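All remarks here apply to the structure that follows.
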Amino acid sequence: MLRSIARTLELDRVGHRRSWTVRGRQGVYVVALRQSPLGDRVLLDGTEVARAYPWKYEGALRFAIDDARAEVRFMTDTTQGTMWTDLYVDGVLVPPDARSEPAQPRVHWGPRVERAAYVLGGALVFAGLVGSPVFDAVRQVVWTGALVVLLAGLRAFDPFAVITVTFDKIVEDRLSMMVAGTEIAVIAAIARDRWGARGRLPFIRERWWVPRLIGWTAIVSIAFVILVLS
């Protein structure tokens, strides 16, 4: 959604607003509108031919292309709060060039989340082992995360206060913090099928989503019970 908004507002092309390809009497030219904190610039084959100073978009920017009169007009829509630019050559509207963008690299969230889980689990185990002041620092971080989660409204989807109890148990003492860190690392390893763990567990190894949901519910429930009893 954010990428779509940035594309609509052309925020993903800061420095390059729009370009037009113009066929003149003596050749083909490229007119480009470049953004700058000092004002937008109109370039003709890379050479500046006009400039719009900051916040001064009244009128049009006029220049010549092969003795033809050209002007860049700033068009505004006060109803929708938008602004765009049009190029006219001898009074004829020139269509802008189609935007070409490189393929967006695919983000693989699985390995990133797994590494984050290992880092969090390792930090909890280490804090539980060494005690203060590391334990106190990690405990404060966990409490801050708990407050963010609760303020985000997730408590409304947790009628049994599982989230609150979980955070409360994690920071209760050093043993509970070590147990929580170990459980986080183990669950991450199972989710990423490290050492073929998912193939050895019932329900989780099935392809259909219903038994997998049952299996993961059982794993999370067992982890919760162990944490509460620790």
Could you say whether any residue in the range 184-201 is under 24 Å from Val141 (Cβ atoms) and of a type in the set (Asp, Glu)?
no
Selection within the range 174-191 - buried (at least 17 other Cβ atoms within 10 Å of the Cβ) and within 30 Å of the chain's Cα centre (by Cα)
Ala180, Gly181, Thr182, Glu183, Ile184, Ala185, Ala188, Ala189, Ile190, Ala191
Please list, ordered by first then second residue, the pairs with beta carbon atoms under 6 Å, 6 or more apart or interchain, first in the range 211-223 and assigned by TED's automatic domain parsing to the domain that holds Ile163, second aromatic (Phe, Trp, Tyr).
Pro211/Phe203; Ile214/Phe203; Gly215/Phe203
Step by step: first the residues of the range 195-218, then only those that are charged (D, E, K, R) and surrounded by 13 or more Cβ atoms within 10 Å (Cβ to Cβ), then the one that is nearest to Leu120 (Cα to Cα). Which residue is that?
Arg198
Within the range 120-141, residues being within 25 Å of Ala189 (Cβ to Cβ) and surrounded by fewer than 18 Cβ atoms within 10 Å (Cβ to Cβ) number 6
Total residues in the range 181-204, condition in a helix (DSSP H, G or I) and touching a Lys or Arg at 6+ places or on another chain (Cβ under 7 Å):
3
For a quick check of your reading: which strands (runs of 3 or more DSSP E) sit entirely within the range 2-73 and have at least 3 residues that are out of contact with any Pro (no Cβ under 9 Å at 6 or more places or on another chain) and modelled with pLDDT under 80?
none
For the range 153-172, name all the residues that are assigned to a loop (DSSP other than H, G, I, E, B) and exposed (fewer than 14 other Cβ atoms within 10 Å of the Cβ).
Gly153, Pro159, Phe160, Ala161
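The values are calculated or read from the model by the stated rules, or taken from the named source; none is laboratory data. Just so it is clear, the model here is predicted, and its values are computed rather than measured. Please note: Cβ atoms are built from the backbone with ideal geometry, for glycine as well, and neighbour counts cover all protein chains shown.
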